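*Asks:* Quick one: structure below, then a few questions.
The values are calculated or read from the model by the stated rules, or taken from the named source; none is laboratory data. Fair warning: this is a prediction, and the values are worked out from it, not measured in the lab. FYI the Cβ positions are ideal-geometry reconstructions off the backbone, even for glycines, and counts take in every protein chain you see. Calculation scope for accessible area: heavy atoms of the full protein, side chains included, ligands and nucleic acids excluded. Shrake-Rupley method; radii C 1.70, N 1.55, O 1.52, S 1.80 Å.
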Amino acid sequence: MSDTTGSTSSKTPPPGCPAHGSAVQLGGLEYQQTPSQLYRTMRRDHGAVAPVFLDGDIPAWLVLGYPEVSYVTSHDELFARDSRRWNQWPNIPADWPLMPFVGYQPSVLFTEGPEHQRRAGVITQALEGVDQFELARECQSIAEQLIAAFGGSGQTELMSTYAHALPARAVLWMCGMPQGSADTEQLVDDLRISLDAGEGDDPVAAYMRVGERIMQLVKEKRDRPGPDVTSRMLQDAAGLSDEEIVQDLISVIAAAQQPTANWICNTLRLLLTDERFAVNVSGGRVSVGDALNEVLWLDTPTQNFIGRWAVRDTQLGGRLIREGDCLVLGLAAANTDPQIWPESHVGAENSSHLSFSNGEHRCPYPAPLLADVMARTAVETLLERLPDLVLGVDPSELTWRPSIWMRGLNSLPVQFTPAVH
């Protein structure tokens with residue numbers, strides 16, 4: 001990877017790429033509130049594959065079409081995951097904001113071919129050892145502890161007090177971290193900061209602390225294995241090194257924490273603001289399932305994913321993609337592709353969305369099932385314990401985070417009758 005610090009401020013399209021003369025800036029206010037309208041406009045103006053500029057006017061392609069995203073993710077021989085292939089590295093400054101997403105790391109995320117199969121196989125085997133009923137019980141226990149902390153006040157902000165904390169604690173429990181200890185709580189906080197830093201947070205320092213604590217956990221489990229994901233990864237016949245396991249555990253934890261937190265919150269927003277659900281949601285488990293699935297179609301927690309890199313010159317959606325070009329997977333745009341949903345009708349009962357991606361690099365089975373257990377238990381337990389839960393502000397006052405990658409609320413304030421212990 002180049003460590004060149006030259007920046008690119010002019011919007012001159014790269015050589016041989018006239019399409020980028022009309023490229024769309026991937027960012028701005030539209031992403032905060034109405035990304036679906038933006039995707040519609042881009043699809044109308046550019047088709048299924050749109051030229052875009054990332055931060056600093058770095059050219060890339062946004063893949064908007066459902067068939068095109070499916071094609072890219074199922075053809076690793078054409079569109080690979082190792083970001084060192086990128087033809088733009090000479091133009092990327094060392095402090096580029098997207099470096100955490102694209103800077104090559106020796107984790108399962110950037111591996112290819114047999115090495116990816118080896119690393120992903122270890123994760124799959126380790127996750128298959130998680131008892132889903134036991135996970136549901138643990139999530140319910142975590143949910144009740146969190147609710148007890150704010151239940152007497154009659155109001156709270158659910159993103160910070162509930163939705164972020166529950167999946168973080170649950171995934172750390174799966175990995176064998178002791179529940180309730182001070183260093184587990186510190187790790188929960190550091191995970192939040194490193195993935196979703198607020199004002200005054202230091203995400204780099206937080207990420208360093210996460211890495212150090214996970215390395216400590218791996219060493220502890222090598223000495224004293226238990227019935228947990230970390231121990232199963234260490235005992236796997238593939239024989240991963242401690243460093244490989246640390247990298248892959250961080251990938252698993254990060255994938256479980258923030259997307260699941262946004263899934264929980266986006267679902268609660270739907271249940272609290274949409275009259276289709278308000279009538280019968282109290283104790284109505286069927287509609288909670290419908291809401292969870294509808295959110296994956298219409299407000300998917302990971303709306304865009306960077307990315308894939310072209311292995312050689314190829315065609316996609318009528319575009320010439322050059323060797324080394326970066327493709328951003330437009331998961332949210334693909335999920336609402338009018339080709340698959342005529343008349344804009346999205347059927348919540350269908351689960352062929354791309355929210356967990358597709359192909360070799362999709363969320364490893366059974367991770368989506370475990371995420372569903374976490375999200376469903378979080379939503380159902382909250383509604384059972386606080387049956388008169390209502391939004392604390394007018395729905396129009398809810399704002400989305402200004403991220404082109406994640407789809408999540410800034411806050412979700414609620415009110416309820418104080419619970420008596």
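*Asks:* Can you give me the long-range amide H partners of ASP313? Hydrogens built in the peptide plane at 1.01 Å from N, cutoff under 5 Å, separation of 5 or more residues or another chain.
*Replies:* GLU323
*Asks:* Let me ask you something else. Please give the length that would be gained between GLU220 and ASP45 if that part of the chain were fully extended, namely 0.36 nm times their separation in residues minus their C-alpha to C-alpha distance (nm, one decimal).
*Replies:* 57.5 nm
*Asks:* Heavy atoms only, probe 1.4 Å: what % of the accessible area of region 308-421 goes to carbon and sulfur, would you let me know?
*Replies:* 51 percent
*Asks:* Cα atoms only: what Rg and Dmax, in Å, come out for the chain?
*Replies:* 21.5, 68
*Asks:* What does the extension gain come out to for GLN235 and ASP189, with contour length at 0.36 nm per residue minus their alpha carbon separation?
*Replies:* Result for the pair: 13.7 nm of gain on full extension.
*Asks:* What is region 121-233 by shape, rounded, prolate or oblate, if you read a ≥ b ≥ c off the alpha carbon gyration tensor as root eigenvalues and call it rounded for a/c under 1.5, prolate for a/b larger than b/c, and oblate otherwise?
*Replies:* On the way: a/c = 2.16, a/b = 1.27, b/c = 1.70.
It is oblate, given that a/c is not under 1.5 and a/b is not larger than b/c.
*Asks:* So which GluC sites (Glu not before Pro) in region 47-125 are both in a DSSP loop and have at most 12 other Cβ atoms within 10 Å of their Cβ?
*Replies:* GLU77
*Asks:* Another question about this same structure. Over the chain, what is the percentage of antiparallel beta bridges among all DSSP beta bridges, to the nearest 5?
*Replies:* 80 percent
*Asks:* For the residue pair GLU134 and THR399, what label-to-label distance in nm results when each label sits 7 Å from Cα along the Cα-to-beta-carbon direction?
*Replies:* According to this spin-label approximation, the distance is 4.4 nm.
*Asks:* With Cβ to Cβ distances under 13 Å as the rule, what net charge do the other residues near VAL393 carry (K, R +1; D, E -1)?
*Replies:* -2
*Asks:* Now for a separate question. Mind checking which helices in the chain clear 18 Å along their axis (Cα) and have mean Kyte-Doolittle hydropathy of 0.5 or more, DSSP H runs only?
*Replies:* For the chain, where a helix must reach 18 Å along its axis and average at least 0.5, the hits are 285-298, 367-385.
*Asks:* Let me ask something else. What number comes out for the charge environment of PHE356, summing +1 per Lys or Arg and -1 per Asp or Glu over other residues with Cβ under 11 Å away?
*Replies:* 0
*Asks:* Count the net charge of all other residues whose Cβ sits under 13 Å from the Cβ of ARG232, scoring Lys and Arg as +1 and Asp and Glu as -1.
*Replies:* Values: positive: LYS221, ARG222; negative: GLU128, ASP131, ASP228, ASP236, ASP248.
With Lys, Arg at +1 and Asp, Glu at -1, the neighbours total -3.
*Asks:* Specify the inter-centroid distance of region 303-330 and region 149-175, based on alpha-carbon positions, in whole Å.
*Replies:* The two parts, judged by their Cα centres, are 38 Å apart.
*Asks:* Add -39500 (n - 2.57) for each DSSP H run of 4 or more in the chain, then divide by its residues: what number comes out at 222 nm, to the nearest 500 deg cm²/dmol? Present the calculation step by step, with values, prior to reporting the outcome.
*Replies:* Numbers: 15 runs with 190 residues, N = 421.
Using -39500 (n - 2.57) per qualifying helix, the result is -14000 deg cm²/dmol.
*Asks:* Give me the one-decimal nm value for the distance between modelled label points at ALA205 and THR314, 7 Å along each residue's Cα-to-Cβ direction.
*Replies:* My value for the distance between the label points is 4.4 nm.
*Asks:* So what is the relative contact order for the chain, in percent, with contacts set as C-alpha pairs under 8 Å and at least six apart?
*Replies:* Taking the mean separation of contacting Cα pairs over the length of the chain, I get 25 percent.
*Asks:* Given a 1.4 Å probe and the protein chains all in place, what does the accessible area of HIS361 round to, in Å² to the nearest 10?
*Replies:* About 40 Å², ignoring ligands and nucleic acids.
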